[in-house]
1. Could you sort 117-127, 40-50 so that the peptide with the highest average Cβ count within 10 Å comes first and the rest follow in order?
2. With a bin width of 5 angstrom, please list the P(r) values of segment 1-127 as percents of all Cα-Cα pairs, from the 0 bin to the one holding the largest distance.
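Coordinate-derived values only; no laboratory data. A quick note: this is a predicted structure, and the numbers were derived from the prediction, not measured. In this analysis, Cβ positions are derived from the backbone assuming ideal geometry, glycine residues included, and neighbour counts consider all displayed protein chains.
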């Protein structure tokens with residue numbers, strides 16, 4: 001979808017709803033990719049329970065985003081309920097690999113419980129954490145997802 005802005009420039013965006021697993025404890029995501037002058041920006045909002053099948057789907061999504069030229073990624077975990085603790089290092093590796101191949105990754109919105117899983121697995125220091133997706137997004141409402149460049153890049157301290 002392409003939209004024309006007030007400044008006359010054209011921006012394209014796409015939104016997908018991904019279903020990784022089904023059932024009572026299913027996992028899915030809402031993926032939004034926006035074309036910006038500085039490059040493609042993705043917002044991946046995860047939800048549900050992440051098991052092995054869902055983790056594989058998330059890995060494929062990250063690989064696909066990197067291959068399609070997404071250079072900035074925001075992973076919002078505010079609707080994520082559970083991650084199998086054995087899969088936390090695997091997910092952290094996938095996020096670090098995306099960052100190495102494609103660009104920056106900001107992880108935000110995780111509950112204290114989920115942050116503790118990353119901390120206990122020894123993965124917390126490998127990722128960039130933010131309290132919420134709103135702090136990562138540009139303040140201009142019509143701008144679409146864009147990582148803020150004026151925000152401090154230090155990691156949030158665990159409460």
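1. Most protected by this proxy first, the peptides run 40-50, 117-127.
2. The distribution over segment 1-127 is 2, 11, 20, 24, 19, 12, 6, 4, 2, 0, given as percents.
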